[in-house]
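The values are calculated or read from the model by the stated rules, or taken from the named source; none is laboratory data. The model shown is predicted, which means the values in this text are computed figures rather than measured ones. Virtual Cβ from ideal backbone geometry, glycine too; neighbours counted across all protein chains shown.
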Amino acid sequence: MLDIKFIRENKDIIRMAAEKKHIAIDLDRLIAIDEKRRMLIVEVDEMRRQHKEASEKVAASEGDTRTALIQEVKENKDKLSHKEFELRTVEQEFDELMLEVPNVPDLSVPDGTSDKDNQEIKAAGKQRAAKLDYLTLMQNLNMVDLERGTKVAGFRGYFLKNDGALLSIALWQFTLDRFSQKGFTPFIAPSLVKRENFVGTGWMGATAKEAEDVYKTQDDLYLAGTAEVAMMGYHADEILSEAELPKKYVALSPCFRREAGSHGKDTKGIFRVHEFYKVEQVVLCRADHQESVRWHEELTQNAEELMKDLNIPYRVVVNCWGGPWLGAGKKIRYRRLAAVGTALPRNAFELVFPRFSDPAARH
């Protein structure tokens, strides 16, 4: 989440960010609730101080004076309990409103509302004319079975088989090896994670309404659509020194997405499926804009190098303002192959990010 001080001092920027991302937020309500919250904190702290002093007087008194003080302490304790309840109620609303505030998109992000407004910034490799599309080729070579996949798993179900299965495993290993050589620590990350990891990474808001694209289990756990969700919680509640940064991770995980919206219903093949595997680059760095941009560019370069090594033609596309999720500052996509995102403000993802011993290191 963004820092409330930054929000108070930059309301116009936040309104612009929400408008560009097509997110409805009640910023005036948030500011008013914050003022009430801060006032209540002062009142509660003062009442606690007075309650402590009165309790000490009771211990040092006797007789009727002691009886009267005990009654006074009891009455003040009741008042304190009511005030603490009021503070908790206000803080709950404050937290929910804070988590609805979008990250501020980078100024280089184009305007727009959908994929058609994304901006292509680079095309690399020679596009070869193909006699067969990938799906027909895979089916002819007995690498995929959609009919039995649908029978077993429903709409968008599929089996990879024979060379299709072996090729996928080989690509995962190839990618993990390449990034390990670049100093990234390899992980196999869990897909079944707690809700706070989704909230903290901006994939869900704070209210009861869940993201439509996320599967929820009967145990109040959720299936992640990217290893990023789990990896962002890896250092939760830990304290890291600036000397330990950057943290460079590469994580493989099964990914699950409901694809509940209309955007993928007519996509033929195995692009928009409910279950797939993905390798994710994750970097924790200092909360410095230039350093964040540098790492974003390096991750982008890593993805491009991978596709060049595989001799795959690709296009580099910057998502428009309305494209990146709530927590993103900028997101670059490689058609059907990869995506690289960044969170620029220093307190983005504060719920699941670790704490740093140097405040300047928080990101």
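Looking at Lys57, Lys36, just one residue is of a type outside the set (A, V, I, L, M) and either in contact (Cβ under 8 Å) with a residue 40 or more places away in the chain or at positive phi (or both), and that residue is Lys36. Output the residues belonging to region 137-160 that are under 17 Å from Arg272 (Cα atoms) and either buried (at least 16 other Cβ atoms within 10 Å of the Cβ) or touching a helix residue (DSSP H, G or I) at 6+ places or on another chain (Cβ under 6 Å) (or both). The answer is Met138, Val144, Asp145, Leu146, Gly149, Arg156, Gly157, Tyr158, Phe159, Leu160. Residues that are closer than 20 Å to Glu280 by Cβ, among the hydroxyl-bearing types (Ser, Thr, Tyr) and out of contact with any His (no Cβ under 9 Å at 6 or more places or on another chain) number at least 1 in the following helices (runs of 4 or more DSSP H) confined to region 142-213: 163-181.
With respect to (1) among the aliphatic types (A, V, I, L, M); (2) modelled with pLDDT of 90 or more; (3) within 30 Å of Ala303 (Cβ to Cβ), the lone exception for Ala130 is condition (2).
Being modelled with pLDDT under 90 and either in the same structural domain as Lys248 (by TED's automatic domain parsing) or surrounded by fewer than 18 Cβ atoms within 10 Å (Cβ to Cβ) (or both) holds for only one residue in Ala206, Ala227, and it is Ala206. In region 19-33, of all residues being within 13 Å of Leu97 (Cα to Cα) and in contact (Cβ under 8 Å) with a residue 12 or more places away in the chain, the one that is surrounded by the most Cβ atoms within 10 Å (Cβ to Cβ) corresponds to Leu30.
In region 93-107, is there at least one residue being over 24 Å from Met1 (Cβ atoms) and in contact with an Asp or Glu (Cβ under 7 Å, 6 or more places away or on another chain)? Checked region 93-107: no residue is over 24 Å from Met1 (Cβ atoms) and in contact with an Asp or Glu (Cβ under 7 Å, 6 or more places away or on another chain). When we screen Leu80, Leu141, Leu69, Leu135 for residues that are modelled with pLDDT of 95 or more and of a type outside the set (Phe, Trp, Tyr), the only hit is Leu141.
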